[in-house]
Amino acid sequence: MTAGLPSGPEAPGCPYCAVTLERAPTRDRRCPSCRQPIVVRRVDGRIVLLTAEAAPIVDWHLQREADERRWAAERARWLERAARAKAPAKQLARLSAAKLTGSVVDRSRALYLESTERAVRAARRNAEWFVIARIRRDEAATLYAEAGSPVPPPEEIVALHREGMLAELRSIAATTQFAELVGAGCCPACRSGDSTSVMIATELRTPRLPHEGCPKGICACEWWISTTAPRKPRRRRSAAPS
């Protein structure tokens, strides 16, 4: 071995001719001895030197491992949400035990959405508006995060959130005919109506939530019970004739 070069298991070697390199390369380069192309990869925090022929195989395995980690996390999230939506236990168990693929993740997502629709239909039959409000707001937040939280949010996600807010109003209507808007305070649109009392019947016809133009995309404003009737605008006195 040439004097001054590293030795032992830490000494990097050319994957073609096995000559010891002075230091491990941090990017692709040619071997100074045999002039073959050395491909550099980082695996589990350490540098691995590969031949050009071996690199695609290693890349495939690394990508597969990354995909499986992502699929496992996504499947777990969708199945957890599906379980909260009372998805059939057999379907949950079958998908949980299935071999990890992108298709299994898609089926887990579909199970969550199907279970959500069933739960909403059942709650609507029983006039359980608070349940519908919780389900739809959670669904809108979930799909909004999945979409990358774009501003403005997709209209179909806005519609889900709005359905949840309307269900919240119907739940309040079982107690009183008035509701109070609780603004999130994140932007002028959300702050402007804070503490405003409204007639629920009027709000059901022309819903304002979620506020359009909120920088959060889907604002966190909500409705609370109010016992105070909306203030009527004060009429201006007409000028006396001269």
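The values are calculated or read from the model by the stated rules, or taken from the named source; none is laboratory data. These numbers come from a predicted model, not from an experiment. Cβ sites come from the backbone with ideal geometry, for glycine too, and all protein chains shown count toward neighbours. Quick note on the areas: whole protein, heavy atoms, side chains included, nothing else; ligands and nucleic acids left out. Shrake-Rupley method; radii C 1.70, N 1.55, O 1.52, S 1.80 Å.
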* Structure fact -> Pairing a residue in the range 98-117 that is free of Cβ contacts under 8 Å to residues at least 12 places away in the same chain with any residue that is open to solvent by 60 Å² or more (accessible area, probe 1.4 Å), where Cβ atoms lie under 9 Å and the two sit 6 or more apart in sequence or on different chains, gives A98/R107
* To do: Answer yes or no: is there a residue in the range 22-31 that is open to solvent by 40 Å² or more (accessible area, probe 1.4 Å), part of a strand (DSSP E or B) and either out of contact with any His (no Cβ under 9 Å at 6 or more places or on another chain) or among the aliphatic types (A, V, I, L, M) (or both).
  => yes
* **the range 71-85 residues that are within 13 Å of A110 (Cβ to Cβ) and in a helix (DSSP H, G or I), paired with ones that are charged (D, E, K, R) and open to solvent by 50 Å² or more (accessible area, probe 1.4 Å) (beta carbon under 7 Å, 6 or more apart)** => W78/R109
* To do: For residues that are in a helix (DSSP H, G or I) and touching a strand residue (DSSP E or B) at 6+ places or on another chain (Cβ under 6 Å), tally how many sit in the range 186-222.
  => 1
* **A97 vs. criteria small (G, A, S), exposed (fewer than 13 other Cβ atoms within 10 Å of the Cβ) and at pLDDT 95 or above** => yes
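Considering only the range 152-175, I want to know if a residue exists there that is over 25 Å from the mean Cα position of the chain (by Cα), within 21 Å of A123 (Cα to Cα), at pLDDT below 95 and among the β-branched types (V, I, T).
yes
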* To do: Would you be able to tell me the number of residues in the range 185-218 that are more than 29 Å from the chain's Cα centre (by Cα) and either open to solvent by 40 Å² or more (accessible area, probe 1.4 Å) or hydrophobic (A, V, I, L, M, F, W, C) (or both)?
  => 8
* Residue satisfying all of: in the range 163-215; among the aliphatic types (A, V, I, L, M) and in contact with a Gly (Cβ under 8 Å, 6 or more places away or on another chain); farthest from A133 (Cα to Cα) among these -> A189
* **Residues (of a type in the set (G, A, S), open to solvent by 20 Å² or more (accessible area, probe 1.4 Å) and in contact (Cβ under 8 Å) with a residue 24 or more places away in the chain) located in the range 133-181** => A141, S149, S171, A173, A174
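Restricting attention to the range 50-63, does a residue exist that is more than 25 Å from R136 (Cα to Cα), acidic (D, E), part of a helix (DSSP H, G or I) and under 24 Å from the mean Cα position of the chain (by Cα)?
Let us first name the residues in the range 50-63 that are more than 25 Å from R136 (Cα to Cα), namely 50-63.
Now narrow it down to the ones that are acidic (D, E): 53, 59.
With part of a helix (DSSP H, G or I) added as a condition, the list becomes 59.
Within this subset, residues satisfying the condition of being under 24 Å from the mean Cα position of the chain (by Cα) are none.
Among the residues of the range 50-63, not one is more than 25 Å from R136 (Cα to Cα), acidic (D, E), part of a helix (DSSP H, G or I) and under 24 Å from the mean Cα position of the chain (by Cα), which makes the answer no.
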* Structure fact -> Of (1) open to solvent by 60 Å² or more (accessible area, probe 1.4 Å); (2) among the hydrophobic types (A, V, I, L, M, F, W, C); (3) assigned to a loop (DSSP other than H, G, I, E, B), I225 satisfies every one except (3)
